[in-house]
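Here is the structure we will look at, set down as structure tokens.
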Amino acid sequence: MVARNRGSNRMKSVSFNNFGYIEDKLPSNLFNSIKNECENLNHKEMVSGLTGRGVAKHYYMRDNVKEFQSYLQTLILEYEQSFKYMNDIKIFSSPTPIMIDTPWINIQKKYEFIPNHTHDGVYSYTLWVKIPYDIEEELNNGHCHASTFEFTYNNITGSINNLRIPVSKEYEGKIIFFPAKLQHCVYPFYTSDENRISISGNIVF
């Protein structure tokens, strides 16, 4: 809230409360272990509601699940301290435990995308493991929002807003954590023949 003096009147500007996302950097040992798993992938392919032509493929994480889930517990606590999101859900009449589902690895090739979607459960996240392109080359390549991660949401008047994250090499090892029903998508990249690798998953009741 910002207050300003206007003569004898006291004028103030008030913003409505809303939820957001938190960003963190994985501990280096955990990230290096996860990266090694992703680069030596021989895992079961995951079929989701998004699976189809032109969409990045998904594979269940196998080797670092417990360690990664333990780390995710810290993000759950941090999100609740920052936004108190669970208080807004109000589905159950008494405290209900949540669990962290098995994470999955996204392997995105050149020109592939992940369409606008939401996740199951309470929270979701994206961890970037490998970014194979230079973000400036992508954004100057003539394709709208190339390589960006985008949230879509409504403001209080019902208009659609977008928050775009231009994911660069500096995002390797970074994770964002957000409400599962927050719509998001991933745009294609165009300037590298290597794979872009990320990890996602759900926290559910």
Of the listed residues (Asn17, Asn32), the one being within 21 Å of Tyr153 (Cβ to Cβ), among the polar types (S, T, N, Q) and free of Cβ contacts under 8 Å to residues at least 12 places away in the same chain is Asn17
Could you check the stretch 22-77 and list, in sequence order, the residues that are small (Gly, Ala, Ser) and open to solvent by less than 70 Å² (accessible area, probe 1.4 Å)? Ser33, Ser48, Gly52, Gly54, Ala56
Only one of Thr74, Thr96, Thr51 is modelled with pLDDT under 85 and farther than 27 Å from Phe189 by Cα, namely Thr96
Taking the residues in the stretch 143-187 that are touching a Lys or Arg at 6+ places or on another chain (Cβ under 6 Å) and under 24 Å from Lys35 (Cβ atoms) as candidates, determine which candidate is most open to solvent (accessible area, probe 1.4 Å). Lys174
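The values are calculated or read from the model by the stated rules, or taken from the named source; none is laboratory data. Since the structure is predicted, the reported quantities are computational estimates derived from the model, not experimental observations. Backbone-built Cβ (ideal geometry, glycine too); neighbour counts: all protein chains shown. Note: accessible area is taken over every heavy atom of the protein model, side chains too, but ligands, DNA and RNA are not part of it. Shrake-Rupley method; radii C 1.70, N 1.55, O 1.52, S 1.80 Å.
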